[in-house]
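Read-outs: derived from the displayed coordinates by stated rules, not from any lab. Remember, it's a predicted structure, so these values are computed and weren't measured experimentally.
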Amino acid sequence: MPRMTEKPIVTVRVMIYNNASKLHETIDSIMLQDYDAIEVIISDDGSTDPDRELLEKERQRAAEKCLDAILLPAHENMGTVAHLNLINSKASGRYLMSCCPGDVLNDAHTVSSIVEAFEKTGCRYLTSRRLDVYDDHTKVRPYAFTGLLLSCMPGRLMNHMIKNRNLISGCSSFERKDIFETYGPYDEDYRLLEDFPFVVKLLQKKEKIGFLNKVTVRHGMGSGVSTGEIHPDIYKDLLTMRKKLLADPEGLYQSTVDFLKMNIEE
């Protein structure tokens, strides 16, 4: 049975696909948090060799410290976007975040800092900085200047990202759950690309995106789709996104529209 709390619950989505061997350190980082109203939902997206015994063991470990810990039933692979929607439908938290195997929360105050930022800003979508961890080096992303653009020139940032690359990564961004009541779930026309299309939609609709100038996660570059190389399905999703933006170019500069027209080839 989940424990009772008067604090806002934070649901941590632990999404697994062929990387359960790295789950232990991720759960460790969740258990070290000084915020005690955490719900953990562990879900395996149809791994080729799933280890349900290991997942249940880690669920039990998380349950010792967290408000609640849930292991969702096994299912066939559905891709990141549909998988996120599935977990969100089971989440009881006011705030949602992801921490996949290979990722660890940066320090013991990470979740409390996220809740404080949500409560202070009143925003329904919050992004932060992350430390990308490679085999031979690390890099903090995005630049703090991204926060200034979000605050002062969000339209300019949106157009820049569409023509270049996403600067607001899902692994270091967080949602207030009721944002999905306004905009609907993540768009399942995409398979792997959940964050970029959703962020662009928010910016098109002038939804405030908060920026927490703090590294919240150490993101392992080498698991899931974060391998340093672009997964083929990401290319397909980007093509889908470009076509959708051409059909609904709200807030796009003419130069952005021209870019999209030149980059929609199959």
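For the reader, a short list of remarks on this structure follows.
- Across the chain, Cα pairs under 8 Å and at least six residues apart give a relative contact order of 22 percent.
- Computed from Cα atoms, the angle from the helix 232-247 axis to the main principal axis of the chain rounds to 50 degrees.
- Here K243 is the anchor, and the aspartates and glutamates within straight C-alpha reach of less than 13 Å, apart from those fewer than 8 places off in the same chain, are D189, D258, E265, E266.
- Shown here are the Rg and Dmax of the Cα trace of segment 16-115, at 12.9, 36 Å.
- Each semi-axis of the equivalent ellipsoid for segment 143-248 is √(5λ) with λ an eigenvalue of the Cα gyration tensor; in descending order they amount to 20, 19, 15 Å.
- Tail fraction, Cα-Cα pairs, the chain, threshold 34 Å, whole percent: 15 percent
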